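Working notes, beginning with the structure itself.
What follows is calculated from the coordinates using simple rules that are stated; it is not laboratory data. Since we're looking at a predicted model, the values are computed, not measured. For neighbour counting, all protein chains shown are included, and Cβ atoms are generated from backbone atoms with ideal geometry for every residue, glycine included.
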Amino acid sequence: NVLQICQISKVTLCSIAYAAIHLHFALTNTSQWAAISDSYNYQDLWNYIVDFFEVPVDMDQEDNAKALLKWWNGYVFWFSYSN
């Protein structure tokens, strides 16, 4: 299990941002990594995702961010939550 090998025990806002950036990059036809690639700014994407979790604009967004992290943890670590 890769999660155990890497000692990853929970989904974090940074792991979500990291995965989103890699997913976007993988879905492009860009052959070389760059912070800004084909006019797409990965730093902006990172900041947007991190800000969504760390700097909520209101209580609804804060609740949504908490619920999203809880959902991702349940989805990725279902085996831990089902015991």
Q | Order of F53, F25 - criterion: other Cβ atoms within 10 Å of each residue's Cβ, fewest first | A | F25, F53
Q: Quick one: dipole size for the chain, taken about the Cα centre, charges +1 on Lys/Arg Cβ and -1 on Asp/Glu Cβ, in debye to the nearest 20.
A: 460 debye
Q) So what is the 222 nm mean residue ellipticity for the chain from helices alone, if each DSSP H run of at least 4 adds -39500 (n - 2.57) and you divide by all residues, rounding to the nearest 500 deg cm²/dmol? A) -19000 deg cm²/dmol
(Q) I'd like the orientation of helix 59-76 relative to the chain: the angle between its Cα long axis and the longest Cα principal axis, in ° from 0 to 90, rounded to 10. (A) 80 degrees
Q.
Below 8 Å between Cα atoms, with a sequence gap of 6+, how large is the relative contact order for the chain in percent?
A. 35 percent
Q: Would you pull out the residues with amide H under 5 Å of S37's amide H, same chain only if 5 or more places away, H placed 1.01 Å from N?
A: Y42
Q.
Connecting C-alpha atoms closer than 10 Å in a GNM of the chain, tell me which of W71, W46, W33 has the biggest fluctuation.
A. W33
Q: Mind running the shape call on the chain? Use the C-alpha gyration tensor, a ≥ b ≥ c as the square roots of the eigenvalues: rounded below 1.5 for a/c, prolate if a/b tops b/c, oblate otherwise.
A: oblate
Q.
Name the residue from W33, W71, S9 whose Cα lies farthest towards the positive end of the charge dipole of the chain, charges +1 on Cβ of Lys and Arg and -1 on Cβ of Asp and Glu.
A. S9
Q: Give me the angle, in degrees from 0 to 90, between the Cα long axis of helix 13-26 and the longest principal axis of the Cα atoms of the chain, rounded to the nearest 10.
A: 40 degrees
Q. If one takes the longest principal axis of the Cα atoms in the chain, at what angle in degrees, from 0 to 90 and to the nearest 10, does the Cα axis of helix 42-54 lie?
A. 30 degrees
